[in-house]
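Enquirer: Sharing a structure below in structure tokens format, with a few things to ask.
The values are calculated or read from the model by the stated rules, or taken from the named source; none is laboratory data. Values in this document were obtained by computation on a predicted structure and should not be read as measured data. Note: ideal-geometry Cβ built from the backbone for every residue, glycine included; neighbour counts use all protein chains shown.
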Amino acid sequence: MTDDTRFPGWHGTTIVAVRKGGRVAVVGDGQVSVGPTVMKGTARKVRRLTPGGSDVVCGFAGSTADAFTLLERLETKLEATPGKLARACVDLAKDWRTDKYLRNLEAMLIVTDGSDLFIVTGAGDVLEPEHDIAAVGSGGNFALAAARALMDQDMDAEAIARRALSIASEICVYTNGNATVEVI
């Protein structure tokens with residue numbers, strides 16, 4: 001739970017991942033807001049990690065510093081268990097939930113290696129989303145609904161994810177259309 005006295009109305013981010021046609025596209029918006037004020041419109045919340053030479057794409061919602069801490073931990077877990085994304089995510093979620101320092105981190109992650117797709121949370125969750133779509137952040141539900149509606153269209157994973165983010169940005173005031181895209 002977020003304690004409003006510690007986090008003064010930070011909102012923002014929509015991350016959506018779509019798996020279709022053997023590819024996964026992860027798309028994130030660029031807006032960071034504090035209360036009703038847009039602090040930045042070009043943040044990069046989707047990253048490619050290359051631990052041990054293998055590619056993993058991550059998108060994050062929440063505190064940037066917290067997310068970077070978690071991405072560093074995930075990279076360490078991936079180096080310790082090469083090619084085992086699920087294991088690395090479970091180990092990260094376990095640490096995140098039980099470690100005195102980590103349990104205070106405010107973020108959510110979408111993680112994929114192109115084969116597996118997970119949402120990882122500080123509550124200890126490692127979720128494999130249904131329907132080959134994952135979405136987190138303030139506009140996540142809007143993007144999820146849009147992507148699900150677009151899945152049967154003649155569009156690839158990237159086109160669906162981009163359109164879903166665009167739709168979310170038209171509805172959620174904490175989401176903009178400045179997309180960062182990684183496809184794996």
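Enquirer: Given the criterion surrounded by fewer than 17 Cβ atoms within 10 Å (Cβ to Cβ) and within 19 Å of residue 15 (Cβ to Cβ), identify the matching residue among 60, 68.
Expert: Testing whether each residue is surrounded by fewer than 17 Cβ atoms within 10 Å (Cβ to Cβ) and within 19 Å of residue 15 (Cβ to Cβ) leaves just 68.
Enquirer: Separate question: Show the residue pairs meeting these rules: Cβ distance below 7 Å; 6+ apart or different chains; first residue within region 17-31 and touching a residue at least 12 places away in the same chain (Cβ under 8 Å); second residue surrounded by 24 or more Cβ atoms within 10 Å (Cβ to Cβ) and among the charged types (D, E, K, R).
Expert: 28/45
Enquirer: Confirm whether residue 132 is on the phi > 0 side of the Ramachandran plot and surrounded by fewer than 19 Cβ atoms within 10 Å (Cβ to Cβ).
Expert: Values: on the phi > 0 side of the Ramachandran plot: yes; surrounded by fewer than 19 Cβ atoms within 10 Å (Cβ to Cβ): yes.
Against the criterion (on the phi > 0 side of the Ramachandran plot and surrounded by fewer than 19 Cβ atoms within 10 Å (Cβ to Cβ)), residue 132 qualifies.
Enquirer: Might you check whether a residue that is in a loop (DSSP other than H, G, I, E, B), on the phi < 0 side of the Ramachandran plot, of a type outside the set (Phe, Trp, Tyr) and in contact with a helix residue (DSSP H, G or I) (Cβ under 8 Å, 6 or more places away or on another chain) occurs anywhere in region 135-149?
Expert: As a first pass, look at region 135-149 and keep what is in a loop (DSSP other than H, G, I, E, B): 138-139.
Checking the rest, the ones that are also on the phi < 0 side of the Ramachandran plot come to 138-139.
After this cut, where a residue has to be of a type outside the set (Phe, Trp, Tyr) as well, the list is 138-139.
If we keep only those that are in contact with a helix residue (DSSP H, G or I) (Cβ under 8 Å, 6 or more places away or on another chain) too, we end up with 139.
Yes, region 135-149 contains at least one residue that is in a loop (DSSP other than H, G, I, E, B), on the phi < 0 side of the Ramachandran plot, of a type outside the set (Phe, Trp, Tyr) and in contact with a helix residue (DSSP H, G or I) (Cβ under 8 Å, 6 or more places away or on another chain).
Enquirer: Residue under question is residue 105, and the condition is that it be farther than 19 Å from residue 17 by Cβ, touching a residue at least 24 places away in the same chain (Cβ under 8 Å), of a type in the set (A, V, I, L, M) and crowded, with 17+ Cβ neighbours inside 10 Å; does it hold?
Expert: On the way: farther than 19 Å from residue 17 by Cβ: yes; touching a residue at least 24 places away in the same chain (Cβ under 8 Å): yes; of a type in the set (A, V, I, L, M): yes; crowded, with 17+ Cβ neighbours inside 10 Å: yes.
The answer is yes for residue 105.
Enquirer: So for region 111-122 (the condition being out of contact with any His (no Cβ under 8 Å at 6 or more places or on another chain), hydrophobic (A, V, I, L, M, F, W, C) and surrounded by fewer than 17 Cβ atoms within 10 Å (Cβ to Cβ)), does at least one residue qualify?
Expert: no
Enquirer: A further question on this structure: Among the residues of region 150-184, what is the count of those that are assigned to a helix (DSSP H, G or I), more than 19 Å from residue 32 (Cβ to Cβ), without any contact (Cβ under 8 Å) to a residue 60 or more places away in the chain and of a type outside the set (A, V, I, L, M)?
Expert: 1
Enquirer: Can you tell me which residues in region 71-101 are of a type in the set (Gly, Ala, Ser) and crowded, with 21+ Cβ neighbours inside 10 Å?
Expert: Listed by number, the residues that qualify are 88, 93.
Enquirer: What are the residues in region 43-57 that are surrounded by fewer than 16 Cβ atoms within 10 Å (Cβ to Cβ) and of a type outside the set (Lys, Arg), if any? First the steps, then the outcome.
Expert: Our first condition is that a residue be surrounded by fewer than 16 Cβ atoms within 10 Å (Cβ to Cβ); within region 43-57, this holds for 44, 48, 50, 52-55.
Result: 50, 52, 53, 54, 55.
Enquirer: List pairs: first residue in region 116-131 and in contact (Cβ under 8 Å) with a residue 24 or more places away in the chain, second residue of a type in the set (Lys, Arg) and outside any loop (DSSP other than H, G, I, E, B) anywhere in the structure, Cβ distance under 7 angstrom, at least six positions apart or on different chains.
Expert: Once the first residue is in contact (Cβ under 8 Å) with a residue 24 or more places away in the chain and sits in region 116-131, its partners that are of a type in the set (Lys, Arg) and outside any loop (DSSP other than H, G, I, E, B) give 117/19; 122/97; 122/103; 123/97; 124/94; 124/97.
Enquirer: Is it true that residue 167 is more than 14 Å from residue 59 (Cβ to Cβ), β-branched (Val, Ile, Thr), surrounded by fewer than 24 Cβ atoms within 10 Å (Cβ to Cβ) and at pLDDT 95 or above? Break it down into steps so the answer makes sense when it comes.
Expert: Numbers: more than 14 Å from residue 59 (Cβ to Cβ): yes; β-branched (Val, Ile, Thr): yes; surrounded by fewer than 24 Cβ atoms within 10 Å (Cβ to Cβ): yes; at pLDDT 95 or above: yes.
Taking the combined requirement at face value, the residue satisfies it.
Enquirer: I'd like the full set of residues that are among the polar types (S, T, N, Q), part of a helix (DSSP H, G or I) and either more than 18 Å from the chain's Cα centre (by Cα) or farther than 21 Å from residue 33 by Cα (or both), limited to region 57-103.
Expert: Passing the criteria: 76, 98.
Enquirer: Here's a follow-up. Filter region 46-56 for residues that are closer than 16 Å to residue 116 by Cα, of a type outside the set (Val, Ile, Thr) and in a strand (DSSP E or B) and give the result.
Expert: Hits for region 46-56 are 48, 49.
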